[in-house]
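Okay, so here's the structure we're looking at.
Nothing in this text is a laboratory measurement; each read-out follows from the coordinates by a stated rule. All values derive from a computational prediction rather than experimental measurement. When we count neighbours, we look across all protein chains shown, and the Cβ atoms used for this are built from the backbone with ideal geometry, even at glycine.
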Amino acid sequence: MWTRDSPFLTQPQLAEQAKHEFLLVKRKHFLAVRDEDSDIKRARPLNFPELDQALANWVLHCQARRIFLDGNMVRAKGARLQDKLEIADDEKIAFSNVWLQSFQKSHGFKSFRVHGESGSVNMATIDEQIKRLRAVIQQYAVADVYNFDETGLFYKLCPDKIIARQLFEGAKKSKTQITVALACNADGSDMREPLFIGHANKPRYRNNKKAWMTAVLYREWLVAFDQEMVAVGRKALLLIDNASSHIISAMDLGEVTVEYLPSNTTSKLQPLDAGIIAALKRRYRHRQLQHALDKEEEGVCDKDIYAIDQLLVMKWVKCRWRDIKGELVLNCVWHTKLIAR
């Protein structure tokens, strides 16, 4: 039709004219669409200014007290305030990332990174090592393939990314660390009891001066693990990195075969390092966050709200470790490509 009436229009001009004609015809229909009939999701307007202002005041109050807050803390505090206001379930705020960005923008809050860290991996050898390790792993059932690794937990550490109107110097960052040695099998059906290594000589965990894994402690763990496998007549493969504390000579093991992962490949090839440890730490930090909020609400202002007793830390880690599902473990193993889906 438009070609007949306007024979000299180009193809783009005809398309533009058709778009305008269509929009004019449909304009009344679009204007008549009610919000409840529209599938378009709109940002919810601020229905609870009292909650919004109370939360903003709390962030400023914490800033004045030099308490580091991250986005998770702000969202968790918002959820608590929402419960206190007894807001109906169908009207409750989701406290999503979009909400957080809007909240920060409305009150002039910014995100500041306190510090960061990075790692490296030797990508050149990854494919070659995957093939080699797969040939070894295929000789075992999935449930008989284990991974052992340690991670340092700075259990009193405050957030490294904070929300405030301006960057400020908070309390001195705690470097108090406990090492957690973890082991599990590839399908997550056997989440071994964590081994804790701290500074002090306590009866419920191992200790040394730097709270690090040593060859002596690893040897003790490996012997106990092998004895358990011997007792049930079960052959197991243990994947482990080649840290100096893991290199032990003249070990006469009965049922456990140790397979070392190449240097600088563990973040890609080690299942615990491919998401399992990160999942545990997220769960721990979430519990620490709730504990810190409890202390802040109790009026603890002359002490670090992130400080925590070490025995309580060990209890939390054990509980969160047991909570990790086999599906998560298996997904992390698949991610390394050591075992095919």
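Values computed for the structure shown
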| quantity | calculated |
| --- | --- |
| Region 296-341, residues that are of a type outside the set (Val, Ile, Thr) and over 28 Å from residue 80 (Cα atoms) | 326, 327, 328, 330, 331, 332, 334, 335, 337, 338, 340, 341 |
| Selection count, region 242-278, where residues are surrounded by fewer than 19 Cβ atoms within 10 Å (Cβ to Cβ), closer than 30 Å to residue 159 by Cα and out of contact with any helix residue (DSSP H, G or I) (no Cβ under 6 Å at 6 or more places or on another chain) | 3 |
| Residue list for region 227-271, filter: over 17 Å from residue 140 (Cα atoms), assigned to a loop (DSSP other than H, G, I, E, B) and small (Gly, Ala, Ser) | 243, 249, 250, 263 |
